Amino acid sequence: MKIVTKHIRIILILVGIGILTAIYFLGVPLTAEEGNALSLPEEVKDASGTQTEKNEDQSNQNKKEEVYVDIKGEVKHPGVYPLSADKRVKDAIELAGGFLEKADTDSVNLAQKVQDEQVIMVPAQGDQNEKSADETEQGNSKIPVNTADAEELTKLPGIGPSKADAIIQYREENGGYQQKEDLLDVGGIGEKTLEKIAPSIQVP
C-alpha cells in the first residue's frame, strides 16, 4: 500500500512539473506578442524618420540642380555660367566678375532667382536712352522691350502705364524676351495688340 502511495506521489509530482512546464512555454509567445506590441511605436517612428530623411534628401537634390544663364552687357566676363537652381541674379553677376563701372545696375533685378536658359542683360548707363532718342529723331521708333523703361514703352500703340509695368515685370521675372511672341504671355497683351506694336519693338 505504501508503495502504491509512493508511486501516486511521484506521478503527481511529474504531472505538476508537466503542467508548470506547459504554462511556462505557453507564456513565451504571449510575452513576445506583448514585446512586438510595445515595439510597434518604434517601428512607426523609424518609418516616419526614414520618410523625413527622404524628403530632406529630395530637397537637397533640388538645390543641387544646375541651370545655365547667359550674362551679357556691362560685366567683366560675359558668357554662359552654370549655377545651382536656388541662386539669384546677384550670384550670376558675381560669377561674371561683377559690374563694369558704366553698368546701369538699377536696371537689373539682383534678387531674382535664376532660371535655366535665362538671359541677364546689363545695359550701360544712359546708352539705351541716348539710342532711343537718336532712333526717334531719325524716324526709327523701334523700342527694345528688354531694356526700355515704362515711359518708353508707353510710346508704343495700345500700351498704357499698366501694360508697360506688366511688360517690365514679366521680363524681370523671366529673364527677358527672346522673341516677339513672348509678349503674348504678358497680361493684357493679345494678338491684336502684338500686331500693332510688332513693327515698333526690338527683341534680341
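The values are calculated or read from the model by the stated rules, or taken from the named source; none is laboratory data. Computed from a prediction, not measured in an experiment: that's the story for all the values here. Neighbour counts run over all protein chains shown; Cβ positions are idealised from the backbone, glycine included.
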Those residues of the range 80-89 which are surrounded by 14 or more Cβ atoms within 10 Å (Cβ to Cβ) and over 15 Å from the mean Cα position of the chain (by Cα) amount to TYR81
Subset of the range 141-158, residues touching a residue at least 60 places away in the same chain (Cβ under 8 Å) and either acidic (Asp, Glu) or outside the structural domain of VAL186 (by TED's automatic domain parsing) (or both), comes to none
Does GLY98 satisfy the condition of being on the phi > 0 side of the Ramachandran plot and modelled with pLDDT under 85?
no
The residue that is farthest from ASN174 (Cα to Cα), considering only those in the range 64-88 that are assigned to a loop (DSSP other than H, G, I, E, B) and free of Cβ contacts under 8 Å to residues at least 24 places away in the same chain, is HIS77
Of the listed residues (ILE3, ILE11), the one being part of a helix (DSSP H, G or I), modelled with pLDDT under 80 and exposed (fewer than 10 other Cβ atoms within 10 Å of the Cβ) is ILE3
